[in-house]
Every structure is written in structure tokens, then in C-alpha cells.
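Written below as C-alpha cells is the structure these notes are about.
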Amino acid sequence: QHAVHTHATASSSHLVLLPMTLLPSENPLPLAAGVALAFALAWRHYSRTVAKHVAALEALSKRVEQLAPELRSEPSDGGLQAPIQREAPVRRTPSAFSPTILPAEGGRVSASEQQTAALCVVVFGAINMDVKATAEVSTWPEHDVSCKGRFEQSAGGKGANEAVALARLGVPVSLVGRVGDDESGSFLLSALRSERVDVGGTLRLGRTGTAVHIVTKDDSRKFNVTCLEANGELDRTDVQRAVALVRQKESGERRVVVLLQLEVSPVLSRQLVKKVGERCLVALKPSPLASDESKRQARLLLDERVDLCFVAESEALQLLDDEGGEETLICTLSQAERAAEAMLRRWPRLQTVVVTFAAGHLLCENPSSGGWLRAAP
């Protein structure tokens, strides 16, 4: 009985042997005979299944042989039979930029759509090589140690990242900055061109800026070092090239936006803001706010003229450190609303504030000026 039960649980691909209980007999022969019978029956079942598969394969082979002459035959007109044309799968070249700054592949637009956009952007910002080392530790050691990790390298820089994201959204964008006259500089310019970013306003001089990021394996702790190099060599000539680009683009029907950050000299950014006309809109992403000096420079830019300001969950409160109370991070919609309204009160020339926080994005417009979205096409 046990042998039959074991056979019933056998399949063509595997055999399951259920736990066996010794018969109430001291003679082991009946048990040995039952096990032998179980294996014999299971093997017979397996052999029959294999035989069925072999027969099916033989039948398929005969059918292929029957169809082969038809497949090889020439068409009635004597010409060669055209092969079946199948659409090749689309292969995308991996981007040199980090995927975290870019929209989904489906969000990309064609070059023709980019050329017909009603808005264009001139980005004045940094272009870096981003180097990231992920250590195989969860916490920082208290003393000097060595550990293994994973190395990554990509194109980056706040100006370059924002230019690429805008280009992928279909906005014609030009980038004014500097890279080094080295291999990294060539790599970055090639990567930007492949993303349809105009780099005609970018100069090559010295060494390329590099940002080094060391993080723990769970990404909970980070240590960043930014080496400006060529980004720190920007001067008035770069401002003049940016102004010339704005004038050139304003000659058409497009509305021009100048986009600024704090990774390059804020003094030069303020000079650029003073030189562009009122028709040009000024947008600011006040990052990085790594020191009191950078916060002071961001406030000076806002005092000078900014139409649209993008702030992250901590940046708005850092700019409003004398008005934000004890809050250090925006977590709720009401906190985001209060911070945006406080910024609009403090800098009346601001038309629109966009606050990014964990729950999403809040767009707050200045009711007296009509808002940046109404001013833009």
C-alpha cells in the first residue's frame, strides 16, 4: 500500500517519497520489497513520460522536414524571395548622467519638438565629473580604516544636470560654464551634446571640476567634497557670453529664462541678473546652501531680482532662518505654504515659489504680480 501511495505522488519531473512507517513486523523484507516496488513503479512512470516527449519531438521534426522545401522554394517570378522584415528593437545609449535627475524615457521629446518650443533657457552653472564611492559599512568609523566598496562615475554638476533635465523635457537649453582641457572635459562635452544641450557657450581651460561623494552602503551617511577647478575660473567674460546668448535668443519669439544656482560664483550671477533685460525671466535654485556665506549670497540674489525660485524642504527655512522659528525641515503642506508665503512677503519681486518636500511639490504665486506662470508663454 505504501508503494502504491508513493507512486501516486511521483511526477514526470520529480519524485516525492513520503515518510515511511515500519510495518508491525520485525522482518525488514516486506519494507525493502515495498521500497523497491515504489522505485520500480516511479521509474516506469518517468520512462513513459519521456517516451511521450520523444515521440512529440520526432513528429515535430518530420513536420519541419515537410515544410523545408516550401520555405526554400523560389517565387513564381524567378526572383529571390524577400526575407521577412522585422522591426529592430530600439536600443538607447546609456546616458552619462545620473538617472536620478532625469525624467522617464517616455518623457523625452524629439529634436523637432524641441525646436518649436515657446520657451528657451540659458543655464549659468557648474559642470562636474561626479565620482561616488559606496563603502561596505553602515556607519562612519571613529578612526582611520580601509574598507571595500563600489565605484561609480558619471557626468554631473548642478548646471549640467538641470540643463540635461530641461533638454529631455523638450526645452531648448544652452549651458554657459567651463570644463577642463582634459579627458574629463571632452567626456562631459560629448555627453551634453548627446543630450541636445547647446554647449557653444562653454569654454575649456585648466582642469575639470570634480565632485567626490563617499556614502555608506545604506546611503544613510554621506560625505561630499567638491573641487571647483575650472568652475572656479569663471569671470566676466563668461557673463558676457551668457548675456550675448540671451540677446540672441530674445531676437526671436521665444521667452528666455536664465537659470542660476550657487555652485559657481554668486557675484557673477548677480552681474548677469543686472545685465539681462526685464523681458528675460530669472530663475534660481539656491543650492548648495552649505554655509552662512552661501545663504547670504542667495539672499542678495533674491534682493537683486529673481522671478522664480525653487527651494527644497530645508532650503526655504534656511533662507528664512530669522522667520522660520524652530522648524528645520518642511514635512507638511501647511509648512510648505507658510514658507512660500513668507518668501513672497520678504522678496516682493518674486513671482512664483516652488517648494519641493517629501509629500510632493507646492507652487505658490504672488497675487500682486500675477505669477510667473502667467508671465511665461
Of Lys132/Lys285; Lys158/Lys249; Lys148/Lys285; Lys222/Lys274; Lys222/Lys275, which pairs sit farther than 27 Å apart, going by alpha carbon to alpha carbon? Lys148/Lys285; Lys222/Lys274; Lys222/Lys275
Calculate what fraction, in whole %, of the accessible area of the stretch 281-363 sits on carbon and sulfur atoms when a 1.4 Å probe is rolled over the protein chains. 52 percent
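Accessible area per residue, 1.4 Å probe, Å², for the stretch 264-310: what's the number? Please list the in-between numbers first.
On the way: 1830 Å² over 47 residues.
Accessible area per residue, the stretch 264-310: 39 Å².
For the pair Lys222 and Asp292, what calculated FRET efficiency results from E = 1/(1 + (r/R0)^6), where r is the Cβ-Cβ distance and R0 = 22 Å, to the nearest 0.05?
Once rounded, the FRET efficiency stands at 0.55.
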Express the carbon and sulfur contribution to the solvent-accessible surface of the stretch 138-259 as a percent, rounded to the nearest whole number, probe 1.4 angstrom. 48 percent
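Going from most exposed to least, what order do Arg207, Arg254, Arg196 have by accessible area with a 1.4 Å probe?
Details: Arg207 160, Arg254 55, Arg196 90 Å².
Most to least solvent-accessible, the answer reads Arg207, Arg196, Arg254.
The values are calculated or read from the model by the stated rules, or taken from the named source; none is laboratory data. Note that the structure is predicted; figures quoted are calculated from it, not measured. All Cβ positions, glycine included, derive from the backbone under ideal geometry; neighbour counts span all protein chains shown. Ligands, DNA and RNA are stripped out before the accessible areas are found, and what is left, the full protein with its side chains, is counted by its heavy atoms. Shrake-Rupley method; radii C 1.70, N 1.55, O 1.52, S 1.80 Å.
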